[in-house]
Amino acid sequence: MTTYLLRRLMQTLPVLFGVVLIAFLLSQASGSPVRGLLGPSTNKEIVRKVEEYYGLHKPWPEQFLAHLKN
């Protein structure tokens, strides 16, 4: 019974990782979330500051690792 549970747990981890990765990629592909929240007419300086605050100015791999940590 213990081996069955361990095997099922090991099968669950890649699926969970895949779901998190797909959700992250979909959020990235939809465009800038800051622009979506603040609107297209927002000052570029404000957009830049908000992106820096939330770490959205970093490359995608770094953002994904931060997403996993949170």
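Taken over the stretch 30-70, the alpha-carbon convex hull comes to 73 cubic angstrom per residue. Accessible area per residue for the chain, computed on protein heavy atoms with a 1.4 Å probe, is 85 Å².
Using the Karplus relation 6.51 cos²θ - 1.76 cosθ + 1.60 with θ = phi - 60°, the per-residue 3J(HN,Hα) values for the stretch 43-53 come to 4, 5, 5, 5, 4, 4, 5, 5, 5, 5, 4 Hz, with x marking Gly and Pro. Subtracting the Cα-Cα distance of Phe64 and Met1 from 0.36 nm times their residue separation leaves 19.2 nm of extension gain. Rounded to the nearest 500, the helix-only mean residue ellipticity at 222 nm of the chain stands at -25000 deg cm²/dmol, with each DSSP H run of n ≥ 4 adding -39,500 (n - 2.57).
The residue list Val47, Met1, Val34 was ranked by how far each Cα lies along the charge dipole of the chain toward its positive end, using unit charges on Cβ atoms, and Met1 comes out on top.
Only four residue types carry charge here, +1 at the Cβ of Lys and Arg and -1 at the Cβ of Asp and Glu. Report the dipole size of the chain about the Cα centre in Debye, rounded to the nearest 20.
Approximately 140 debye in magnitude.
Distances between every pair of Cα atoms in the chain, grouped in 10 Å steps from 0 to the bin holding the largest one, split as 17, 37, 23, 13, 8, 3 percent.
Neighbours of Ile46, meaning other residues whose beta-carbon lies under 12 angstrom from its beta-carbon, give a summed charge of +1 when Lys and Arg score +1 and Asp and Glu score -1.
The values are calculated or read from the model by the stated rules, or taken from the named source; none is laboratory data. From a predicted model like this one, the values you see are computed outputs, not experimental measurements. With ideal geometry, Cβ positions are generated from the backbone for all residues, glycine too; neighbour counts draw on all protein chains shown. Quick note on the areas: whole protein, heavy atoms, side chains included, nothing else; ligands and nucleic acids left out. Shrake-Rupley method; radii C 1.70, N 1.55, O 1.52, S 1.80 Å.
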